[in-house]
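One structure is given below, encoded as structure tokens.
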Amino acid sequence: RKELTVRSTFTAHSSGVMHLLHASDALVLSFGLEQEGGVERAYMRAWKEGAGGAFECVRGVRVFSGGVPATSSGGSGAGGGTAYMDSDASSEPAITCCCASTDLTQIALGLSDGGVLLLRTSDLLKERFLRFKPLPSLANLPSHTPPAPISGVTFCYSEGAGRSPTELWVT
């Protein structure tokens with residue numbers, strides 16, 4: 001029977017970590033809050049294990065790059081609206097769940113306001129501009145109740161489709 005041991009400890013975000021995702025053998029993704037101008041903002045950071053087991057940040061991306069989805073401030077729909085508005089981070093919805101495709105070309109985030117953000121990239125570590133975008137199709141779903149937090153997101157793969165996901169399942 002193997003015992004769990006501590007391999008490494010490090011501070012991933014200045015104001016707390018919401019989620020960790022072991023994205024590949026060489027990469028860990030963290031989602032947390034950073035102080036920016038006296039306001040806490042959601043960030044994703046990519047970490048590689050370096051010499052001696054220490055982790056080093058190799059990429060950082062602000063989750064809500066252009067404000068927050070308009071629907072998270074009382075608009076209609078199921079969250080994840082397509083319009084962004086400038087706002088302080090206190091109105092940023094919390095990240096409730098996350099997943100990454102096996103080839104790391106897509107990362108999905110579920111939000112507390114019922115929205116889903118998707119980041120698509122050809123190379124997570126080398127692509128210059130990365131941006132999480134809301135899935136507008138979720139805002140068009142018929143709903144008779146206020147949107148509920150997203151509790152799970154996962155990529156699904158069809159046989160013979162290669163390593164890229166063919167579907168994103170959202171609960």
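Points to keep in mind about this one:
- Pairs, first free of Cβ contacts under 8 Å to residues at least 12 places away in the same chain in segment 33-54, second of a type outside the set (Phe, Trp, Tyr) and open to solvent by 50 Å² or more (accessible area, probe 1.4 Å), C-beta under 7 Å, six or more apart: GLY50/GLU56
- Test for ALA42: is it open to solvent by less than 30 Å² (accessible area, probe 1.4 Å), of a type outside the set (Phe, Trp, Tyr), modelled with pLDDT of 95 or more and assigned to a strand (DSSP E or B): yes
- All of SER72, SER24, SER14, SER65 fail the test of being more than 18 Å from LYS126 (Cα to Cα), open to solvent by less than 50 Å² (accessible area, probe 1.4 Å) and modelled with pLDDT under 95, apart from SER72.
- Restricting segment 6-37 to residues that are β-branched (Val, Ile, Thr) and part of a strand (DSSP E or B), the residue that is nearest to VAL58 (Cα to Cα): VAL28
The values are calculated or read from the model by the stated rules, or taken from the named source; none is laboratory data. Source: prediction; values computed, not measured. Neighbour counts run over all protein chains shown; Cβ positions are idealised from the backbone, glycine included. What goes into the accessible areas is simple: the full protein's heavy atoms, side chains included, and nothing from ligands, DNA or RNA. Shrake-Rupley method; radii C 1.70, N 1.55, O 1.52, S 1.80 Å.
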